[in-house]
1. Just the residues that are touching a strand residue (DSSP E or B) at 6+ places or on another chain (Cβ under 7 Å) and more than 9 Å from chain A (Cβ to nearest Cβ), please, taken from the stretch B:4-38.
2. Of the conditions (1) at the interface with another protein chain (Cβ under 9 Å from one of its Cβ atoms); (2) in contact with a strand residue (DSSP E or B) (Cβ under 9 Å, 6 or more places away or on another chain); (3) modelled with pLDDT of 95 or more, A:A323 clears all except one; give me its number.
3. For A:Y271, which of the numbered conditions (1) surrounded by fewer than 22 Cβ atoms within 10 Å (Cβ to Cβ); (2) farther than 27 Å from A:Q44 by Cβ; (3) of a type in the set (F, W, Y) fails to hold?
4. Out of (1) at the interface with chain A (Cβ under 9 Å from one of its Cβ atoms); (2) open to solvent by 10 Å² or more (accessible area, probe 1.4 Å); (3) at negative phi; (4) not polar (S, T, N, Q), the odd one out for B:G309 is which?
5. Those residues that are of a type in the set (D, E, K, R) and within 14 Å of another protein chain (Cβ to nearest Cβ), I need them from the stretch A:88-132; list them, please.
6. Any idea which of B:V266, B:V279 is in contact with a Gly (Cβ under 8 Å, 6 or more places away or on another chain) and under 24 Å from B:A108 (Cα atoms)?
7. Need the failing condition index for A:T221 against (1) touching a residue at least 40 places away in the same chain (Cβ under 8 Å); (2) surrounded by fewer than 18 Cβ atoms within 10 Å (Cβ to Cβ); (3) among the hydroxyl-bearing types (S, T, Y), just the number.
8. For residues in the stretch A:169-207 being β-branched (V, I, T) and surrounded by 24 or more Cβ atoms within 10 Å (Cβ to Cβ), which is farthest from A:D62 (Cα to Cα)?
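The values are calculated or read from the model by the stated rules, or taken from the named source; none is laboratory data. All figures in this text were calculated on a predicted structure; none of them were measured in a lab. Cβ atoms come from the backbone with ideal geometry, glycine included; neighbour counts cover every protein chain shown. Heads up: the accessible areas ignore ligands, DNA and RNA and are worked out on the full protein's heavy atoms, side chains in. Shrake-Rupley method; radii C 1.70, N 1.55, O 1.52, S 1.80 Å.
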Protein chains: 2
Amino acid sequence: MRSFHIPSLSAFLQESLQQKINQKTKPIGALGQLKIALQAGLIQNTLTPVLHHPHIVVFAADHGITEEGVSAYPSEVTYQMVLNFLSGGAAINVFCRQQGIQLLVADAGVKADFSPELPLIHAKVARGTQNFLREPAMTARQAIQAIERGSQITADIYAQGCNIIGFGEMGIGNTASASALMSRLGNLPIEQCTGRGTGLDDEQLTRKTAILAKALATHTTQNAFEALCAFGGFEIAMMCGAMLQAAESQMVVLVDGFIASAAFLVACSLYPTIKEYAVFCHQSGEQGHRRLLEVLGVSPLLNLQMRLGEGTGCALAYPLVEAAVAFLNEMASFESAGIAGKV
Amino acid sequence: MRSFHIPSLSAFLQESLQQKINQKTKPIGALGQLKIALQAGLIQNTLTPVLHHPHIVVFAADHGITEEGVSAYPSEVTYQMVLNFLSGGAAINVFCRQQGIQLLVADAGVKADFSPELPLIHAKVARGTQNFLREPAMTARQAIQAIERGSQITADIYAQGCNIIGFGEMGIGNTASASALMSRLGNLPIEQCTGRGTGLDDEQLTRKTAILAKALATHTTQNAFEALCAFGGFEIAMMCGAMLQAAESQMVVLVDGFIASAAFLVACSLYPTIKEYAVFCHQSGEQGHRRLLEVLGVSPLLNLQMRLGEGTGCALAYPLVEAAVAFLNEMASFESAGIAGKV
């Protein structure tokens with residue numbers, strides 16, 4: 001696999017950015033989480049960051065583990081939902097239209113063939129992963145292919161002038177994959193990592209947890225890459241590569257919900273500095289995500305108890321990032337507005 | 001005082017709206033707090049709610065209690081910030097521009113005179129309230145005047161076709177006023193209601209709390225209106241009237257941070273059904289606001305630890321309300337998209 005160059009952000013501008021923020025006509029420290037303005041400045045290495053051509057890429061893939069009955073919906077829904085994305089009817093379409101975000105959909109590994117003329121990024125690695133209860137989900141070669149294709153997708157978008165990008169996913173069964181990765185890489189008991197996905201009942205949840213415990217016991221892994229091969233999905237691996245490339249290209253990386261955070265966990269295990277480029281958009285209603293954000297040591301912008309996936313958290317948080325940047329560039333200072341300071 | 005007609009929302013459409021939401025291409029219940037789409041439908045009494053001409057009105061006023069040194073900033077800042085609003089340099093200007101929200105500024109009771117030609121709603125009740133450590137903040141006549149002027153401001157905006165409105169405030173000293181109202185109307189110890197406002201240190205906070213405890217002991221009140229007279233501010237009273245009129249006009253009412261929630265608490269004590277029309281936008285970083293939202297029994301859309309006031313929480317939450325409504329109107333159903341249901 002190629003390596004990524006993701007430098008730690010220079011503290012050089014930190015003080016000047018903080019000073020610029022402090023001089024704005026508001027109480028000191030009143031900005032709360034909109035201090036992501038400072039992060040955007042550091043990523044772009046400027047006191048006047050600007051967001052250009054926001055994009056969201058939704059990666060879709062199927063999962064062999066669905067054979068074990070870990071999802072409330074059949075695998076076919078992945079394919080059907082991709083068609084729904086392409087005809088503009090899914091939640092992510094609605095939110096991207098509203099926010100002026102360019103939406104792209106990539107077939108990372110759906111278990112069905114799409115007509116080549118569909119307006120889709122055709123990046124299929126294989127028709128779904130293997131059932132990781134029985135064998136590794138993918139080969140090392142497939143994982144590398146997925147990471148490199150993801151990286152190329154981001155590189156192409158970057159070349160068109162985009163500097164802020166979010167990633168979503170669609171893949172029936174992928175909460176199982178994300179839970180296993182979280183358990184292994186976060187060194188956490190599987191019970192803390194497993195949730196109801198798209199709507200399991202108590203009994204089904206117990207069953208899913210038992211299956212994942214067994215799968216985790218089956219595969220020993222030495223590092224994040226091996227864990228990705230053992231338990232990952234093609235959409236997760238491709239998103240991981242896309243995120244790494246985005247950080248290398250000094251883009252702001254919008255991280256969505258549970259699955260996207262699991263992909264980020266893999267990326268961050270490989271290249272810890274990626275965290276400096278990431279904005280955590282949304283805490284999912286999927287149980288396990290709160291814990292995963294704790295493991296990553298981050299606070300998301302939104303907590304709307306949604307379990308929509310698809311990058312919807314990125315789309316909904318985007319205006320907050322825009323607001324933070326606009327604040328930094330457009331707001332008056334105490335001096336320019338002629339306002340008295342603290343007594 | 002005139003009375004307001006704020007009917008409880010009919011449950012008539014509840015079931016049809018819920019059914020429409022359930023048929024969307026997403027897991028059942030996955031919408032989380034974006035279920036405000038349902039609330040918007042109920043308020044507008046339709047399965048296809050639409051948001052028209054969003055407005056935010058910032059009410060500004062001064063507070064006699066600042067004589068006691070309860071704020072980190074001098075009173076003059078209220079006047080100076082109004083000028084900053086008018087020249088477009090405050091946080092609320094930046095966020096409203098970004099979101100296409102029409103911003104209006106009203107002088108509810110600033111302790112300085114504005115030139116009549118300034119593009120300001122001239123609604124001054126008096127040049128600041130009285131110091132409520134010594135006497136009631138305002139007379140009953142002044143409180144009624146403030147409520148009625150606020151109501152008229154909303155009625156004028158409604159007449160121009162607006163159906164969603166948020167309210168902000170600017171008033172050095174107004175966290176003291178809001179804390180006293182919260183303590184009295186919520187029947188809570190003042191320590192749970194008092195915070196650092198725009199930036200008090202520990203000693204100043206202790207002093208502010210002691211002053212408020214003394215003021216609360218000074219004024220006995222029989223109801224919310226009397227509490228408003230005793231401890232309120234002109235911006236709080238005017239916002240209260242503006243909120244009541246908005247609900248009467250079947251508008252979606254966006255409630256901002258600590259001060260706005262205190263105004264809402266007064267409105268809600270007078271007309272409890274107003275809560276059905278309200279969307280709680282933001283949990284402020286001001287200590288006391290979390291508790292106030294608990295008292296009201298509501299969950300805000302955002303929790304960004306901001307302490308900006310000015311209606312900024314409304315402006316930042318607005319795109320979420322827009323997203324919820326767009327979701328309801330634009331998203332495909334399982335049937336229309338040809339997607340399989342649960343197994």
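1. The answer is B:Q23, B:I36.
2. All conditions pass for A:A323, except number (2).
3. It fails just one condition, (2).
4. (3) is the only condition that B:G309 fails.
5. We begin by selecting, within the stretch A:88-132, every residue of a type in the set (D, E, K, R); these are A:97, A:107, A:111, A:113, A:117, A:124, A:127.
Answer for the stretch A:88-132, where residues must be of a type in the set (D, E, K, R) and within 14 Å of another protein chain (Cβ to nearest Cβ): A:R97, A:K111.
6. B:V266
7. Result: A:T221 fails condition (1) only.
8. A:T194
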